[in-house]
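So the structure is just underneath, and the comments pick up after that.
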Amino acid sequence: MKTALITGCSSGYGLETARYFHAQGWNVVATMRSPREDLLPRSQRLSVVALDVTRPDSIAAALEAAGPIDVLVNNAGIGVVGAFEATPMATVREVFETNTFGVMAMTQAVLPQFRARRSGVVVNVTSSVTLARMPLAAAYTASKAAIEGFTGSLAFELEAFDVLVKLVEPGYGPTTAFTQNGGARMQGLIPEAYAPFAERVFAGFAQPGAVTTEADVAQTVWRAANDATGQLRFPAGADALALAQSR
Ligand SMILES: NC(=O)c1ccc[n+]([C@@H]2O[C@H](COP(=O)([O-])OP(=O)(O)OC[C@H]3O[C@@H](n4cnc5c(N)ncnc54)[C@H](OP(=O)(O)O)[C@@H]3O)[C@@H](O)[C@H]2O)c1
């Protein structure tokens, strides 16, 4: 029976992905910064483990607690929307610490066991902002675009060890806690000079066409984790799929 370790399972795409992998009969190590036992089914195949991907000690402790794993899903992420000019560099760094360096650190920490066993898959969850430009999201897009480049290059050097690296690119998911979790980070990031532009952008955000559901992402992560075709990028959700097809 295979084991997946998933980051950011307290809500949204990560929580649903943990439920989905468990429902498919896998062992799941559902990690979250503040562990909660009440979110997921009680099962011998499911453990909840503390993990903050920005802290090396937390990464080491979580992997020790998890034991051998077959798939790492780097899902944890934070957002920031606002005019880049007004976005403090401390905020830019905070976003990169989780979305970019956290993913790299987690990947580096599991590679020795994957390489030694000559098997294993890393699935990195980025975003459809890497498929088409999104306004007022420069720092967030940069953090996710870095992981797109990272993953594509890494896939080559791991091929010889039969270790796979995949990208899942979800579209806009209004039902996750993403916007709420980023609320404080986004305060005051629209200076007066940008207000007319931002108003038009936010009016567009408020009326999305197609969107992405938690189930779309969970199923796509599952496909990526089990892929044997060599596909690197897996857009997830109707909006992301439409963007990927229009490129
Ligand atoms: N929703 C969207 O529109 C959308 C679109 C495209 C891509 N994505 C990406 O999809 C992924 C999941 O987002 P979501 O929409 O499901 O948002 P979410 O509901 O806010 O979930 C994000 C998860 O990441 C966790 N997290 C944040 N910082 C962390 C850290 N330092 N260490 C470990 N976990 C951390 C959060 O845990 P806490 O509870 O501890 O904060 C939460 O469990 C993210 O990578 C996001 O960038 C989202």
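Considering only residues of the range 142-189 that are touching a strand residue (DSSP E or B) at 6+ places or on another chain (Cβ under 7 Å) and of a type in the set (Val, Ile, Thr), which is farthest from residue 204 (Cα to Cα)?
This residue is 165.
Of all residues being of a type in the set (D, E, K, R) and within 14 Å of the ligand (Cβ to nearest atom) in the range 32-79, which is surrounded by the most Cβ atoms within 10 Å (Cβ to Cβ)? Just the residue, please.
If we take residues in the range 32-79 being of a type in the set (D, E, K, R) and within 14 Å of the ligand (Cβ to nearest atom), then 52 is surrounded by the most Cβ atoms within 10 Å (Cβ to Cβ).
Can you tell which of 134, 106 is closer than 25 Å to residue 238 by Cβ, out of contact with any His (no Cβ under 6 Å at 6 or more places or on another chain) and not polar (S, T, N, Q)?
Every option except 134 fails the conditions.
Confirm whether residue 224 is hydrophobic (A, V, I, L, M, F, W, C), under 30 Å from residue 69 (Cβ atoms) and in a loop (DSSP other than H, G, I, E, B). Talk me through it step by step, then tell me what you get.
Numbers: hydrophobic (A, V, I, L, M, F, W, C): yes; under 30 Å from residue 69 (Cβ atoms): yes; in a loop (DSSP other than H, G, I, E, B): no.
No.
Residue-wise test of (1) more than 26 Å from residue 16 (Cα to Cα); (2) of a type in the set (A, V, I, L, M); (3) modelled with pLDDT of 95 or more.
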residue: 138; (1), (2), (3): yes, yes, yes
residue: 146; (1), (2), (3): no, yes, yes
residue: 150; (1), (2), (3): no, no, yes
residue: 163; (1), (2), (3): no, yes, yes
residue: 171; (1), (2), (3): no, no, yes
residue: 200; (1), (2), (3): yes, no, yes
residue: 205; (1), (2), (3): no, no, no
residue: 212; (1), (2), (3): no, no, yes
residue: 222; (1), (2), (3): no, no, yes
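In the range 229-244, how many are away from the ligand (no atom under 14 Å from the Cβ) and either touching a strand residue (DSSP E or B) at 6+ places or on another chain (Cβ under 8 Å) or at pLDDT below 95 (or both)?
Final tally of qualifying residues: 2.
Would you mind finding the one in 35, 41, 68 that is in a loop (DSSP other than H, G, I, E, B) and closer than 17 Å to residue 2 by Cβ?
68
Would a scan of the range 103-126 turn up a residue that is touching a strand residue (DSSP E or B) at 6+ places or on another chain (Cβ under 9 Å), within 9 Å of the ligand (Cβ to nearest atom) and part of a helix (DSSP H, G or I)?
Among the residues of the range 103-126, at least one is touching a strand residue (DSSP E or B) at 6+ places or on another chain (Cβ under 9 Å), within 9 Å of the ligand (Cβ to nearest atom) and part of a helix (DSSP H, G or I), which makes the answer yes.
Take the conditions under 24 Å from residue 231 (Cβ atoms) and of a type in the set (Lys, Arg) and apply them to residue 115. Does it pass?
Spelling it out, residue 115 is indeed under 24 Å from residue 231 (Cβ atoms) and of a type in the set (Lys, Arg).
Checking the condition hydrophobic (A, V, I, L, M, F, W, C) and within 12 Å of the ligand (Cβ to nearest atom), which residue from 189, 167, 136, 154 passes? Break it down into steps so the answer makes sense when it comes.
On the way: 189 fails: within 12 Å of the ligand (Cβ to nearest atom); 136 fails: within 12 Å of the ligand (Cβ to nearest atom); 154 fails: within 12 Å of the ligand (Cβ to nearest atom).
Checking each option against the conditions leaves just 167.
The values are calculated or read from the model by the stated rules, or taken from the named source; none is laboratory data. As the structure is a prediction and not an experimental result, all values here were calculated from the model. Note: ideal-geometry Cβ built from the backbone for every residue, glycine included; neighbour counts use all protein chains shown.
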